[in-house]
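Single-structure report; data block below.
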Amino acid sequence: MKYAIEIKNMTKMLGAFTLSDVSLTIPGGTILGLIGENGAGKSTLIKCLLGIITPNEGEVALLEGAGLGEVGYVPDECPFSDLLLVSQVGSFCAGLFPGWDGELFAHYVEKFELPWDKKVKELSRGMKMKLSIAAALSHRPRLLVLDEATSGLDPVVRDEILDEFLAFISDEEHAILISSHITSDLEKICDYVTYLHKGRVTISGPKDELLASYGKLSCSGADLAKIDPALVVGKREGAYGSQALINDRRAFGAVYPELPLDTPTLEDLMIFTTRGDEK
């Protein structure tokens, strides 16, 4: 299987923070969602991936040795000068990317209904993000790297952009790494998920398999007290009931068949893992 990204035992120390021993792969034709709380190391990982900073240890391989010219990067803020017209962005990018396709850029500008005659500073956040994505796609990359690219956008715009991402990886030659706090978006489009917590990979694997292997329990405090702590990732206890994330749905069902489990969300995995870490 061809890998778009392969990271092996990567460590990066930045002051008091350490991104520690990260390993992950993204096969071609897939989307990996990178989740984690603020300060978990998501942006540091992306900067190492793009060569903006250099890891202290480990290996990073992109597209089987291809150059960064085949990587489209979309940061959380529009990278273009506020004074540029949308019509000038294409000329600016043509000087940066040897593979720039002006006709493709024009196609995306029209498709995203962006105004050619407006300056970047006059665009809404949603339009700025569409412009960034249009530019990233128009030099025909094989890999897209997106750092909180859908943050702050309304649901309609986000859904439109997610459709573009799915179209981009419709063959095995393209792949996406997307970092986002909007876990519901990642549940819609991602094939793989990696959860960074305090600089370490805590959970990683195929999204559907992960969500199927964990379970979310809603029960009384008395029932929760009877459960083997080894099965509990984290818990939330209140006056009107308790909830817990169970790490092995099958093992739990064999011992506690009277307690039904729901399928958790990616947000549940984050929240309850953090709660378990605070115990």
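The values are calculated or read from the model by the stated rules, or taken from the named source; none is laboratory data. Because the structure is predicted, anything quoted here is derived from the model rather than measured. Ideal geometry is used to build each Cβ from the backbone, glycine not excepted, and the neighbour counts take in all protein chains shown.
Have a look at 226, 235, 216 and point out the one that is surrounded by fewer than 17 Cβ atoms within 10 Å (Cβ to Cβ) and either farther than 30 Å from residue 2 by Cβ or basic (Lys, Arg) (or both). When all the criteria are applied, what remains is 226.
Restricting attention to segment 118-143, the residues that are of a type in the set (A, V, I, L, M) and farther than 19 Å from residue 158 by Cα add up to 2. Condition (residue is without any contact (Cβ under 8 Å) to a residue 24 or more places away in the chain, part of a helix (DSSP H, G or I) and closer than 30 Å to residue 63 by Cβ) applied to segment 241-253: is it met by at least one residue? The answer is no, given that none of the residues of segment 241-253 is without any contact (Cβ under 8 Å) to a residue 24 or more places away in the chain, part of a helix (DSSP H, G or I) and closer than 30 Å to residue 63 by Cβ.
Of the set (1) without any contact (Cβ under 8 Å) to a residue 60 or more places away in the chain; (2) surrounded by 18 or more Cβ atoms within 10 Å (Cβ to Cβ); (3) β-branched (Val, Ile, Thr), all apply to residue 176 but (1). Among the conditions (1) out of contact with any strand residue (DSSP E or B) (no Cβ under 6 Å at 6 or more places or on another chain); (2) under 28 Å from residue 45 (Cα atoms); (3) of a type outside the set (A, V, I, L, M), residue 116 misses just one, which is (2). I'd like to check something: does segment 8-23 contain any residue that is assigned by TED's automatic domain parsing to the domain that holds residue 178, buried (at least 19 other Cβ atoms within 10 Å of the Cβ) and within 24 Å of residue 162 (Cα to Cα)? No, that holds for no residue. When the residues of segment 80-95 are narrowed to those that are within 20 Å of residue 142 (Cα to Cα) and in contact (Cβ under 8 Å) with a residue 12 or more places away in the chain, which ends up surrounded by the fewest Cβ atoms within 10 Å (Cβ to Cβ)? Here the answer is 93.
Scanning for something over 21 Å from residue 181 (Cα atoms), touching a Lys or Arg at 6+ places or on another chain (Cβ under 7 Å) and either surrounded by fewer than 16 Cβ atoms within 10 Å (Cβ to Cβ) or modelled with pLDDT under 95 (or both), does segment 251-261 turn up at least one residue? Scanning segment 251-261 turns up no residue that is over 21 Å from residue 181 (Cα atoms), touching a Lys or Arg at 6+ places or on another chain (Cβ under 7 Å) and either surrounded by fewer than 16 Cβ atoms within 10 Å (Cβ to Cβ) or modelled with pLDDT under 95 (or both). Across segment 24-37, the qualifying residues are those that are closer than 16 Å to residue 200 by Cα and in contact (Cβ under 8 Å) with a residue 40 or more places away in the chain, and the one among them that is surrounded by the most Cβ atoms within 10 Å (Cβ to Cβ) is 34. Is there a residue in segment 147-156 that is within 15 Å of the chain's Cα centre (by Cα), surrounded by 23 or more Cβ atoms within 10 Å (Cβ to Cβ), on the phi < 0 side of the Ramachandran plot and not aromatic (Phe, Trp, Tyr)? Among the residues of segment 147-156, at least one is within 15 Å of the chain's Cα centre (by Cα), surrounded by 23 or more Cβ atoms within 10 Å (Cβ to Cβ), on the phi < 0 side of the Ramachandran plot and not aromatic (Phe, Trp, Tyr), which makes the answer yes. For the residues 74, 120, the requirement of being surrounded by 19 or more Cβ atoms within 10 Å (Cβ to Cβ) and touching a residue at least 60 places away in the same chain (Cβ under 8 Å) singles out 74. In segment 118-130, of all residues being charged (D, E, K, R) and within 12 Å of residue 89 (Cβ to Cβ), the one that is nearest to the chain's Cα centre (by Cα) corresponds to 130.
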